[in-house]
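The values are calculated or read from the model by the stated rules, or taken from the named source; none is laboratory data. The structure displayed is predicted, hence computed values, not measured ones. Counting neighbours? That spans all protein chains shown, and the Cβs are built from the backbone with ideal geometry, glycine included. SASA here: full protein model, heavy atoms, side chains in, ligands and nucleic acids out. Shrake-Rupley method; radii C 1.70, N 1.55, O 1.52, S 1.80 Å.
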Amino acid sequence: MNVESQESWTGLLPTLCPETQPFWDACNQNKFIVQKCQACGNPQYHYRAFCCHCWSEAVEDRAIEGTGTVWTFSVVNRNLTPAFASWGRYVVGVVEVPEGVKIVTKIETPDPDSVRIGTPVRLAFARAENGQNIPFFRTVS
Amino acid sequence: MTGIQKLSNVAAIVGAYEHPTRYAPDKSEWQLLGEASRGAILDAGLSKDHIDALFVPATASEGGYLGTCASVMAADYLNLNPKFIEETDIGGASLGYYVNRAIAGIHAGLFKCALIAYGANTRSRKINVGTVSYNQLSQVELLPIPDSFEQIYGTTVISFMGMLTQRYMHDYGVTSEQLAAVAVTFRQHANLNPDAARRDLISIEDVINSPIIASPLHRLDCCIVSDGAGAIIVADKDIVKESAKQPVWIRGFGESIMHHGGGLTDWSEETRAMVKRACDQAYQMSGTTSADMDVAQIYDAFSYNAVIDLEGAGFCGPGEGAAFSADGNLRLEDGSIPTNTDGGGLSSNHPGRRGIFLFIEAVRQLRGEATGRQVKDAKVALCTATGAAFLARRGSAAHILGV
Ligand SMILES: [Zn+2]
């Protein structure tokens with residue numbers, strides 16, 4: 001894994017629950033879990049306690065490599081929610097990872113106007129004030 | 001008749017009323033609901049005592065605040081004693097889902113006369129429907145699943161529709177100018193509708209030059225926010241005989257949902273496939289095809305919605321909807337399928353859950369009551385609506401109405 005966690009996370013924080021705790025705990029070790037079902041072989045994201053494809057409980061937690069490409073995105077010029085006031089213009093998107101799932105995420109980039117569908121991105125983490133690591137993706141320069 | 005065809009022509013819309021207001025700071029949402037309900041039952045030439053089923057949208061972050069248990073509370077406010085109540089929540093498509101459930105209930109013999117009603121003063125409440133985080137809009141904390149995996153990244157309603165539009169434009173080489181034709185055409189129709197919220201004509205350049213809210217969506221690619229209310233009466237054959245006006249029969253209906261599929265769904269392709277599943281059921285039930293339609297009312301929360309529904313309904317092929325619009329096919333006077341003849345949500349009326357107005361405008365067109373914007377000899381209408389929970393969890397409804 002080649003990820004960073006120096007950056008500070010601003011914005012909303014996830015609400016945790018026992019079912020998703022393993023995902024967020026893994027984030028704190030700079031790992032992003034996409035589960036793979038041992039029964040049907042399908043991957044799934046977001047995290048669940050079972051496989052949503054076949055309802056087997058034999059799901060394996062696997063850390064992704066951290067590569068991906070932008071599947072779609074939107075440059076947000078206006079979000080009036082106070083929690084995002086510090087973000088300025090930012091990019092939300094869906095990243096497709098080679099592990100086989102699409103991930104809703106923030107796409108950090110020095111130039112929002114340069115993002116395209118197909119732009120390569122890499123996993124990164126930012127640390128929130130409460131110590132929780134938040135995963136996101138960053139355009140590869 | 002076998003299979004779903006037995007549900008064709010089971011019920012008709014016998015009353016329809018669209019409240020003329022688009023801004024009603026002096027009225028409660030209850031009063032708007034009540035005025036629309038009274039308008040519809042008067043239009044039907046029936047009385048409140050005929051109503052034995054009630055369908056109202058659940059309280060919605062994007063428009064309509066009747067509180068918890070909205071259907072029971074609405075029955076209390078209207079002092080109705082329905083045998084059957086419903087408030088299934090599929091966003092703005094909910095009203096179409098109510099028509100489906102009303103027909104199912106009428107076919108099952110559970111009731112005879114359903115009131116489907118909606119009212120909201122989203123505009124006078126100054127609700128920022130599209131430009132805040134969804135949890136702020138819905139005024140609830142982030143749920144552990146799925147919100148905490150998505151909304152922490154700053155997703156807004158307009159940005160998620162932007163993401164869908166972006167992928168669609170990429171897959172098919174669609175331009176912003178082609179998409180802009182949707183808003184331009186519907187504004188031309190709104191210009192003929194004295195009740196429409198926005199009536200000034202606009203150009204492609206006006207759309208392109210309006211500010212981008214969340215790329216690639218310009219302000220004029222997005223629906224307006226209005227106050228508004230509307231209601232319809234869906235009734236069985238016995239009630240039809242008692243009603244005053246020409247019945248508008250529900251020839252066919254369909255519905256379908258989509259979701260993220262554990263992260264595997266192609267949001268863009270599945271959106272069209274969902275609309276197609278809903279439309280195909282409606283076509284099959286009614287024994288019609290897209291070629292039989294005289295007029296269409298499509299839920300246009302964004303220009304993209306109109307385009308994808310045109311494709312899903314079979315008026316053109318995948319990726320062709322924007323060019324189809326730009327070529328003038330939706331125009332009232334000379335289009336191959338005049339669409340959103342009232343101006344749609346982009347220009348006429350969008351208090352949050354626009355679905356009811358599709359039926360009302362279709363009824364006006366089929367009865368020949370669409371003064372100033374009447375499609376000549378309109379006999380068959382298609383209504384399609386897609387509503388959203390959040391991101392790509394969505395549901396479509398399709399209806400074929402005829403006289
Ligand atoms: Zn499985």
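Residues in the range B:45-56 that are open to solvent by less than 20 Å² (accessible area, probe 1.4 Å) and either outside any loop (DSSP other than H, G, I, E, B) or at pLDDT below 95 (or both): B:ALA53, B:LEU54, B:PHE55. For B:GLY91, indicate whether it is at pLDDT below 95, on the phi > 0 side of the Ramachandran plot and under 24 Å from the mean Cα position of the chain (by Cα). Yes.
Only residues that are more than 30 Å from B:GLY109 (Cα to Cα) and either among the hydroxyl-bearing types (Ser, Thr, Tyr) or in contact (Cβ under 8 Å) with a residue 40 or more places away in the chain (or both): list them for the range B:10-26, please. Hits for the range B:10-26 are B:HIS19, B:PRO20, B:THR21, B:ARG22, B:TYR23, B:ALA24, B:PRO25.
Total residues in the range B:103-113 satisfying the condition of being touching an Asp or Glu at 6+ places or on another chain (Cβ under 8 Å) and not aromatic (Phe, Trp, Tyr): the figure is 3.
Close contacts from the range A:46-70, counting a first residue that is on the phi < 0 side of the Ramachandran plot and a second that is away from the ligand (no atom under 14 Å from the Cβ) and among the hydroxyl-bearing types (Ser, Thr, Tyr), with Cβ to Cβ under 6 Å and a gap of 6+ residues or different chains, come to A:TYR47/A:THR20; A:VAL70/A:THR119. When the range A:39-81 is limited to residues that are aliphatic (A, V, I, L, M) and more than 7 Å from chain B (Cβ to nearest Cβ), the one that is nearest to A:LEU123 (Cα to Cα) turns out to be A:ILE64. Consider the range B:126-161 and keep the residues that are in contact with a Cys (Cβ under 8 Å, 6 or more places away or on another chain) and not in a helix (DSSP H, G or I). The one that is surrounded by the most Cβ atoms within 10 Å (Cβ to Cβ) is B:GLY130. Filtered by the rule that a residue be within 16 Å of the ligand (Cβ to nearest atom) and within 30 Å of A:SER86 (Cβ to Cβ), the range A:9-45 gives A:ILE33, A:VAL34, A:TYR45. Can you tell me which residue within the range A:22-60, out of those that are under 20 Å from B:GLU150 (Cβ atoms) and of a type in the set (D, E, K, R), is surrounded by the most Cβ atoms within 10 Å (Cβ to Cβ)? Among those that are under 20 Å from B:GLU150 (Cβ atoms) and of a type in the set (D, E, K, R), it is A:LYS31.
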